[in-house]
Amino acid sequence: MRTEEPLPIRLADYQPPAYTIEDNNLDVRVDPDRTIVKAKSRVRRLGAGKAALELDGEDLELLALAIDGEPLATSAYKLSADKLVIASPPDSFDLEIETAFSPRENTALSGIYLSNDRIFSQCEAEGFRRITYFLDRPDVLARYTVRIEADENAFPSLLSNGNLVDSGELDGGRHWALWRDPFPKPCYLFALVAGSFDLLQDSFATRSGKAVSLRLYVDPGDAARAEYALDSLKRAMRWDEETFGREYDLDLFMIVAVRDFNFGAMENKGLNIFNSSLLLADPETATDADFEAIESVVAHEYFHNWTGNRITCRDWFQLCLKEGLTVFRDQEFSAAQRGSALQRIKDVKRLRSRQFAEDAGPLAHPVRPSRYVKIDNFYTATVYEKGAELIRMLREIIGEDAFKRGMDIYFERCDGTAATVEDFAACFEKAAGRDLSAFMRWYEQSGTPRVRFSERFDAASGVLHLTARQLTPPTPDQPRKRALPIPIRVGLIGADGASRPVRLDGENEPGTEERTLVLDGDETTWRLVGLDAPPTVSALRGFSAPVIAASDASLADKMRLAGFDSDAFNRWESGQSVTRAALAAAADPGFDDRAPTMADAAGVFGAVLRDTSLEPGFAALALSPPDEGEIAQAVSVVDPAAIRATRQDLMRTVAQNHRLELKAIYDTHASAKPFSPDAASAGRRALRNAALRLLAELGPEEGGRLALEHGAQADNMTDAVAGLVALDASGSPAFDGALSEFHTRWRAA
């Protein structure tokens, strides 16, 4: 039994590879029980010295080994459980390795494995070493040519990265396909798929006029359910051209989606592999949230073609460089498709529920960790979601124009390389003409900063003194914290609900509706001038930094922001803050007696219902009170029954006070048109179902009857689920029967 602790890998210990592999030619003879791989690689020594060539390998049978066509004597190399070491190779040579392994016995599901009689690969992070002995690290980039051979009846489709060069038939019922990827890539992006699939095809014309063939391979019978994913892909391709100037570079883009792929989705160059749940949808089996997730994930994996594939990460410590940046890009795409305010609220809710909890727990770690034992443990919300927030903050600090220039420099300077966070930051330093070394602390420091705002208004001079203080609590990995540069987007609202200009002392130009101030120390005070009365401060607009904010703002200020703030995120945030505090106070007798009341919370909902200019998707979110988990986090003593009861009381009050407005929303947003998953239709459904959920609180007679009719008339899963949830909330005795009918109706869908 092994008792020794595995040694951690440290960023500070990084050393460039002693060798690189420029070209890798693979001949893969697929067999479920014994797959044979012949790899012929062009290897070149880097730098001076005569270091040994150390290749990674796991669970492989070495069949042959040769250099420049000459078999290698056993005395010339050493073979261990995880390494093949060649002591004294030439400076430049062709390395030929033949290995064997069993895809059927590969229960690690890393490398090439058999699942449901089909062959798949998964090489991120360190799976290629289970296919052949190789320099399995992301800073070794090679061009791949792959020949796949298999039984044609068992494996009619043979897929790999790049463009299909040739294919043919062989004796004995076998066939082959030859693939070539002209772009150097790390081995973790290698992909191979063999099996039987249905195919959905389309094409895309790039802005330069190149025709790209699009192919989606799915489980038999699922092709029709992949149409929305295909549409999402085409929209993502066009958006990346228009927004980032990134054109697709191969003649073919493929996605394989199967139910038994266990890794969510993987961005292998030109051949993405998905679990079907992230690709397939139709109105009878998927909700609007499912369609939205498919749109996002398809875009995310496609965007990796440039941020992850064409430019990859030097080492696994730089994982945030490809993942954080690509999450930012897919969030921006979703914002363009779904509405920026709506998307921002959803992204922040996800960040708070997943990443803030991670930062507050025993597994807190920086966006770029300094050490790891196994990199698989760092595919976390901190690396992904907080990593995206860092990109967003960078744009907030240097401005939109400089950010666009920086991205262009990054694509031009780092294309075809394995880059670091420092390489990335240097591009924006050049674009903005400023030192960003302090910003790098965000990558190095764990924890969620706390920012507290305070105000003092001088009526005689018309000056608002706005002070911000920051503190990041200790985390298990880092007891001492440094101040971070925190961008704070600020607006001012007058007593009449209209915006006031934001102008700093010493500036001669007229103020603007909002501006970004940077808190770059423990405490900073800004003097905002030209004010005739104390305004309400709208701070951290758009959630401009991933922090936990607090202030001494009065209830009147919060209500004013909830009713009038021109920044949709802060309008939603203020309404949620008032409602959450009111619910917490009602559920916890020991809560602050200065907290908002339930009447105040009901007033927030009334303001939303009176504002007919709100986008339906945003209004739906604003009409949903904080969930029970959020309320529980706000109280000192958690009483689940009391929390649930107070939340229901609030919704019942809103329904009773605004029955006519809610019924008007419900009726107005009904649609006789066929189901469409587009954002506008989804927003209307969301608002109608939010109104239905509140109306359900009127009780079984009125609310229950409406919910029962809603579910019976539903032609899609979104409305069917909404009707069932509302019926349950109404207390209707018809719920049990409706639940049984729901099961009967939808179980075969």
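The values are calculated or read from the model by the stated rules, or taken from the named source; none is laboratory data. Quick caveat: nothing in here was measured; it's all calculated off a predicted structure. Glycine also receives a Cβ, built like all others from the backbone with ideal geometry; neighbour counts cover every protein chain displayed. With ligands, DNA and RNA removed, areas are computed over all heavy atoms of the protein, side chains included. Shrake-Rupley method; radii C 1.70, N 1.55, O 1.52, S 1.80 Å.
Listing for the model above:
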quantity: Some residue of region 416-423 being under 30 Å from Pro535 (Cβ atoms), of a type in the set (Gly, Ala, Ser) and open to solvent by less than 10 Å² (accessible area, probe 1.4 Å); calculated: no
quantity: Unmet criterion (only one of (1) farther than 20 Å from Ala622 by Cβ; (2) touching a helix residue (DSSP H, G or I) at 6+ places or on another chain (Cβ under 9 Å); (3) open to solvent by 40 Å² or more (accessible area, probe 1.4 Å)) for Pro677; calculated: (3)
quantity: Residue check for Arg688: of a type in the set (Lys, Arg), part of a helix (DSSP H, G or I), surrounded by fewer than 16 Cβ atoms within 10 Å (Cβ to Cβ) and under 34 Å from the mean Cα position of the chain (by Cα); calculated: no
quantity: Breaking point among (1) assigned to a loop (DSSP other than H, G, I, E, B); (2) aliphatic (A, V, I, L, M); (3) out of contact with any helix residue (DSSP H, G or I) (no Cβ under 9 Å at 6 or more places or on another chain), for Ala281; calculated: (3)
quantity: Considering residues of region 284-313 that are open to solvent by 10 Å² or more (accessible area, probe 1.4 Å), assigned to a loop (DSSP other than H, G, I, E, B) and not aromatic (Phe, Trp, Tyr) only, the residue farthest from Asp249 (Cα to Cα); calculated: Glu284
quantity: Residue count, region 448-461 (criterion: open to solvent by less than 70 Å² (accessible area, probe 1.4 Å) and more than 25 Å from Val421 (Cβ to Cβ)); calculated: 5
quantity: Entirely in region 1-120, the strands (runs of 3 or more DSSP E) that have 1 or more residues that are under 30 Å from Asp198 (Cβ atoms) and of a type in the set (Lys, Arg); calculated: 19-29
quantity: Residue satisfying all of: in region 543-578; touching a strand residue (DSSP E or B) at 6+ places or on another chain (Cβ under 6 Å), among the small types (Gly, Ala, Ser) and closer than 28 Å to Ala483 by Cα; surrounded by the fewest Cβ atoms within 10 Å (Cβ to Cβ) among these; calculated: Ala550
quantity: Residue check, Ala426 in a helix (DSSP H, G or I) and closer than 30 Å to Leu189 by Cβ; calculated: yes
quantity: Tally of residues being in contact (Cβ under 8 Å) with a residue 40 or more places away in the chain and open to solvent by 50 Å² or more (accessible area, probe 1.4 Å) across region 79-89; calculated: 1
quantity: Scope region 223-265; condition open to solvent by 10 Å² or more (accessible area, probe 1.4 Å), among the small types (Gly, Ala, Ser) and either on the phi < 0 side of the Ramachandran plot or modelled with pLDDT of 95 or more (or both); matching residues; calculated: Ala223, Ala224, Gly245, Ala265
quantity: Test: residue in region 130-143 that is hydroxyl-bearing (Ser, Thr, Tyr) and either under 20 Å from His304 (Cα atoms) or assigned to a strand (DSSP E or B) (or both); calculated: no
quantity: Count of residues meeting criterion [over 30 Å from Ala12 (Cβ atoms), among the hydroxyl-bearing types (Ser, Thr, Tyr), modelled with pLDDT of 95 or more and over 13 Å from the mean Cα position of the chain (by Cα)] in region 278-323; calculated: 1
quantity: Selected residue (only one of Asn275, Asn268 is open to solvent by less than 10 Å² (accessible area, probe 1.4 Å) and out of contact with any strand residue (DSSP E or B) (no Cβ under 6 Å at 6 or more places or on another chain)); calculated: Asn268
quantity: Any hit, region 392-404, residues being in contact with a Pro (Cβ under 9 Å, 6 or more places away or on another chain), in a loop (DSSP other than H, G, I, E, B) and surrounded by fewer than 17 Cβ atoms within 10 Å (Cβ to Cβ); calculated: no
quantity: Number of the exception - Gly162 against (1) buried (at least 19 other Cβ atoms within 10 Å of the Cβ); (2) without any contact (Cβ under 8 Å) to a residue 60 or more places away in the chain; (3) at positive phi; calculated: (2)
quantity: Residue in region 370-383 that is open to solvent by 10 Å² or more (accessible area, probe 1.4 Å), under 16 Å from Thr307 (Cβ atoms), touching a residue at least 60 places away in the same chain (Cβ under 8 Å) and not in a helix (DSSP H, G or I) present; calculated: no
quantity: Lone unmet requirement of (1) over 25 Å from the mean Cα position of the chain (by Cα); (2) open to solvent by less than 60 Å² (accessible area, probe 1.4 Å); (3) not aromatic (Phe, Trp, Tyr) for Asn116; calculated: (2)
quantity: Residue that is surrounded by the fewest Cβ atoms within 10 Å (Cβ to Cβ) [pool: residues in region 489-519 that are acidic (Asp, Glu) and under 34 Å from the mean Cα position of the chain (by Cα)]; calculated: Glu513
quantity: Answer from Ala670, Ala722 - the residue that is assigned to a helix (DSSP H, G or I) and touching a helix residue (DSSP H, G or I) at 6+ places or on another chain (Cβ under 9 Å); calculated: Ala722
quantity: Matching residues, region 635-650, being open to solvent by less than 40 Å² (accessible area, probe 1.4 Å) and either on the phi > 0 side of the Ramachandran plot or in contact (Cβ under 8 Å) with a residue 60 or more places away in the chain (or both); calculated: Ile643, Thr646, Leu650
quantity: Condition check for Glu412: part of a helix (DSSP H, G or I) and either touching a residue at least 60 places away in the same chain (Cβ under 8 Å) or surrounded by 15 or more Cβ atoms within 10 Å (Cβ to Cβ) (or both); calculated: no
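Residues checked against (1) within 17 Å of Ala39 (Cα to Cα); (2) within 28 Å of the chain's Cα centre (by Cα):
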| residue | (1), (2) |
| --- | --- |
| Ala76 | no, no |
| Ala81 | no, no |
| Phe93 | yes, no |
| Ile97 | yes, no |
| Ser110 | no, yes |
| Gln122 | no, yes |
| Thr132 | yes, no |
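Okay, residues lined up against (1) open to solvent by 80 Å² or more (accessible area, probe 1.4 Å); (2) modelled with pLDDT of 95 or more; (3) not β-branched (Val, Ile, Thr):
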position	(1), (2), (3)
Arg441	no, yes, yes
Ser446	no, yes, yes
Val463	no, yes, no
Arg480	yes, yes, yes
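Every residue, every condition in (1) touching a His at 6+ places or on another chain (Cβ under 6 Å); (2) open to solvent by less than 10 Å² (accessible area, probe 1.4 Å); (3) at positive phi; (4) part of a helix (DSSP H, G or I), yes or no:
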{"site": "Leu319", "(1), (2), (3), (4)": "no, yes, no, yes"}
{"site": "Thr326", "(1), (2), (3), (4)": "yes, yes, no, yes"}
{"site": "Arg329", "(1), (2), (3), (4)": "no, yes, no, yes"}
{"site": "Ala335", "(1), (2), (3), (4)": "no, no, no, yes"}
{"site": "Leu342", "(1), (2), (3), (4)": "no, no, no, yes"}
{"site": "Ile345", "(1), (2), (3), (4)": "no, yes, no, yes"}
{"site": "Arg350", "(1), (2), (3), (4)": "no, no, no, yes"}
